[in-house]
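> Structure provided below as structure tokens; questions to follow.
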Amino acid sequence: MKMSSQQFLDWESKSITLLAMSGAGKTTLANKLPKDKWFHYSVDYRIGTKYLGEPILDNIKRQAMDVPFLKKLLLSDSIYIHNNITVDNLAPVSSFLGKLGNSDQDGLSLVEFKRRQALHYHAEVAALNDVPEFIHKAEDIYGYKHFLNDAGGSVCEIDRPDVLENLAKYTVIIYIKIPPSLENTIISRAKKEPKPLYYREEFLDENLAEYMEIHNISNSDLINPDDFVSWVFPQLFKARVPRYQAIADQYGYTLDANEVATVSNEDEFIQLIADVIDQK
């Protein structure tokens, strides 16, 4: 949504979408906003609870059925398995996405990995398209004055102009850009703690082929899952930066992560956005 800085300041019920890679400060920023005034919508939480809830549970049950003790209890309906996904704990979503590679190291075959990636893609599109409905719900049912949409790290990968146009219709899109001074820190952190991620299929195919050639691996089932995630993350980071910027240039505005880090309260956050609207 494009408007003047004064229109934004006068907007009684503000709706904002935050775009950023992990480590840019989205969560920290959200926690500085009054929880009684701002409804926090997490796309990743919506994905895990609404659209991938059943596949996540099926995956957990499949693992449990490999344990004879648990298998017997599950088959006799003596126990049940339940997710405990929260906005601050999205581990079940990550565990479902998984990592590509050797099954002896908890890796997934390429076919299964791509199947789960596709499920995540469709879930993310659906969760993003739910934003207008939740803007209405947040105010109409729960009485929240403002709405904050945490769009998740892979939003720049979906290549769906209709989804982005819908977001821009109902929210002000803010991209929190990681400055060069923080890039190496975030890349190093990700390489030390490799986590499951979503990849565009074209990106995955290209980088998987390069990784296998460099490491002289003939079959993706032989890949060390953590090693591949660590190796590919710098390429993913570099590939996502221009994609995020393109979204901000067309549909929204860009804030520097260092500027965002200086925000201590709601008023400063609102003013920072008004200032960047003026600059553009």
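Throughout, read-outs are computed from the coordinates displayed, never taken from laboratory work. These numbers come from a predicted model, not from an experiment. Cβ sites come from the backbone with ideal geometry, for glycine too, and all protein chains shown count toward neighbours.
> What list of ³J(HN,Hα) couplings, whole Hz, do you get for region 66-75 from phi and the Karplus terms 6.51, -1.76, 1.60, once you set θ to phi - 60° and write x for glycine and proline?
Values per residue, Gly and Pro as x: 7, 9, x, 4, 6, 4, 4, 5, 5, 5 Hz.
> Oh, and also: Work out the FRET efficiency for Ala246 and Asp66 from their Cβ-Cβ distance, taking R0 = 45 Å, and round it to the nearest 0.05. Mind dumping the intermediate values first?
Details: r = 44 Å, r/R0 = 0.98.
After rounding to 0.05, the efficiency reads 0.55.
> So what is the relative contact order for region 5-279, in percent, with contacts set as C-alpha pairs under 8 Å and at least six apart? Before the final figure, lay out the partial values.
Details: 357 pairs, mean separation 90.6, N = 275.
Value for region 5-279: 33 percent.
> Counting Lys +1, Arg +1, Asp -1, Glu -1, what net charge surrounds Lys195 among other residues with beta carbon under 12 Å of its beta carbon?
On the way: positive: Lys99, Arg189, Lys191, Lys192; negative: Glu193, Asp226.
Within the 12 Å Cβ shell, the charges total +2.
> OK, next. How tilted is helix 161-170 with respect to the longest principal axis of the chain? Cα atoms for both, answer in degrees (0 to 90, nearest 10).
So the inclination is approximately 40 degrees.
> Would you please report the Å³ per residue occupied by the convex hull of the alpha carbon atoms in region 132-280?
Working: hull volume 22.8 nm³, N = 149.
In region 132-280, the Cα hull volume divided by residue count equals 153 Å³.
> Between Phe203 and Thr262, what length in nm is gained on full extension when 0.36 nm per residue of separation is reduced by their alpha carbon distance?
Details: separation 59, 0.36 × 59 = 21.24 nm, distance 3.46 nm.
Additional length available on full extension: 17.8 nm.
> If you wrap a convex hull around the alpha carbons of the chain, what volume per residue comes out, as a whole number of Å³? Show your work: numbers first, answer last.
Details: hull volume 39.4 nm³, N = 280.
Looking at the chain, the number lands at 141 Å³ per residue.
> Less than 11 Å Cβ to Cβ from Leu52, Lys/Arg counted +1 and Asp/Glu -1: what total charge do the surrounding residues give? Let's see the in-between values first.
Numbers: positive: Arg46, Lys50, Arg116; negative: Asp44, Glu54, Asp58, Glu124.
Overall, the nearby charge balance is -1.
> Shifting gears a bit: Using Cβ contacts closer than 10 Å as the measure, can you line up Tyr41, Tyr80, Tyr144 from fewest to most? If you can, show how the numbers build up before the last one.
Working: Tyr41 23, Tyr80 9, Tyr144 20.
Going from sparsest to densest Cβ surroundings: Tyr80, Tyr144, Tyr41.
> At 7 Å along the Cα-to-beta-carbon direction for both Ile81 and Lys238, put a label point, then send me their distance in nm to one decimal.
Rounded to a tenth, the inter-label distance reads 3.9 nm.
> Continuing with the same structure: Take region 59-186, compute every pairwise Cα distance, and split them into 5 Å bins from 0; I just need the percent in each bin.
2, 7, 12, 14, 15, 17, 12, 9, 7, 4, 1, 0
> What FRET efficiency do you get for Lys37 and Ser5 if R0 is 30 Å and r is their Cβ-Cβ distance, rounded to the nearest 0.05? List each step's numbers first, then the result.
Numbers: r = 21 Å, r/R0 = 0.68.
Computed FRET efficiency for Lys37 and Ser5: 0.90.
> Sum -39500 (n - 2.57) across every DSSP H segment of at least 4 residues in the chain, then divide by the residue count to get the 222 nm mean residue ellipticity, nearest 500. Provide the component values of the computation, followed by the final result.
Numbers: 14 runs with 155 residues, N = 280.
The per-residue figure over the chain is -17000 deg cm²/dmol.
> Translational D (Stokes-Einstein, µm²/s) of region 179-255 at 4 °C and 1.567 mPa s when Rh comes from the Kirkwood sum over C-alpha pairs? It would help to have the intermediate numbers written out before the result.
Working: Rh = 14.0 Å.
For these conditions, the coefficient is 93 µm²/s.
> Check which residues have an amide H placed less than 5 Å from Lys14's amide H, if you skip close sequence neighbours.
Correct list: Phe147.
> Could you compute how fast region 44-126 diffuses translationally, taking Rh as the Kirkwood radius over C-alpha pairs and applying Stokes-Einstein at 25 °C with viscosity 0.890 mPa s? Give it in µm² per second. List each step's numbers first, then the result.
Details: Rh = 13.7 Å.
The calculation lands on 179 µm²/s.
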